[in-house]
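**Q** If you scroll down you'll find the structure; I have some questions about it.
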Amino acid sequence: MAFRATVLTLYPEMFPGLLGQSLSGKALARGDWALDCVQIRDFATDRHRSVDDTPAGGGAGMVLKPDVLARAIDHVGEGDNRPRLLMSPRGRPLTQKRVRDLAAGDGAIIVCGRFEGVDQRVIEGRGLEEVSIGDYILSGGEPAAMILLDAVVRILPGVMGNALSGEHESFEGGLLEHPHYTRPQVWEEREIPAVLTSGNHAAIEKWRSEEALKLTRERRPDLLAAQPITK
Ligand code: SAH
């Protein structure tokens, strides 16, 4: 069965958004993956259909109500074994490894927060896995959910035109990727490194790994520290 994403949001009209274009959009149209959105507000029960309330203990902003969100989750999720994610700046940072694991599964249920976030009890009570896309604050989880899905969908079987082009990407080998060049041979007096046009594939591979290592050492020493380097 194809990967199926169910997004719980107060702004379903934001979807598919960028996911409806280019590779992910074509894959969606082909049925290589599926996307449905659930309007959280549909599960409000009061006259004003309210989804948020003031924070216990005081302070600025509003908090998504646990009862409303839980009803939305239960509507989708009872007997559904897909991972339940909550986009959240407090979550574990998203990695290519987590993206690969998600892509290997049946799909995901993704909750998009708004306001100050969601009531802690629904995170615990519904076993939501908090996922962050980086150390900055967005106004809502929707763009974060789109980023996560973009990363997952591009590696689903059949989605990327040239399947090989996924394997040498930054992070896949624990390193940043080497620089890329294309014609013209000389542009604004800058030349393509000679080795790349030498036709010597062994030398090209060696150059690429050296560049990848150099770049990673300069920019992301944390990636090198995180894993043993061979060769
Ligand atoms: N008060 C919260 C931030 C709320 S931002 C805090 O300080 O932790 C509103 C919503 O945007 C969040 O509930 C979450 O769903 C989403 N969001 C904001 N930043 C995000 C990030 N870096 N990664 C993933 N989701 C994020």
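**Q** Quick check on S50: is it more than 14 Å from the ligand (Cβ to nearest atom), outside any helix (DSSP H, G or I) and not acidic (D, E)?
**A** yes
**Q** Go through (1) in contact with a Gly (Cβ under 6 Å, 6 or more places away or on another chain); (2) open to solvent by 10 Å² or more (accessible area, probe 1.4 Å) for S132 and report which single condition fails.
**A** Among (1) in contact with a Gly (Cβ under 6 Å, 6 or more places away or on another chain); (2) open to solvent by 10 Å² or more (accessible area, probe 1.4 Å), the lone unmet condition for S132 is (2).
**Q** A follow-up question, please. When you look at L35, is it within 16 Å of the ligand (Cβ to nearest atom) and of a type in the set (A, V, I, L, M), yes or no?
**A** Here the answer is no, as L35 does not meet what is asked.
**Q** Taking the stretch 52-74 on its own, how many of its residues are under 22 Å from M14 (Cα atoms) and either exposed (fewer than 13 other Cβ atoms within 10 Å of the Cβ) or touching a residue at least 60 places away in the same chain (Cβ under 8 Å) (or both)?
**A** Looking only at that region, the number is 4.
**Q** Taking only the stretch 8-47 into account, find how many residues are assigned to a loop (DSSP other than H, G, I, E, B) and either β-branched (V, I, T) or open to solvent by 80 Å² or more (accessible area, probe 1.4 Å) (or both).
**A** The total comes to 4.
**Q** Consider the stretch 127-139. How many of its residues are farther than 15 Å from R90 by Cβ and either within 11 Å of the ligand (Cβ to nearest atom) or in contact with a Pro (Cβ under 9 Å, 6 or more places away or on another chain) (or both)?
**A** 1
The values are calculated or read from the model by the stated rules, or taken from the named source; none is laboratory data. All of these numbers come straight from a predicted model, not from anything done at the bench. Please note: Cβ atoms are built from the backbone with ideal geometry, for glycine as well, and neighbour counts cover all protein chains shown. Note: accessible area is taken over every heavy atom of the protein model, side chains too, but ligands, DNA and RNA are not part of it. Shrake-Rupley method; radii C 1.70, N 1.55, O 1.52, S 1.80 Å.
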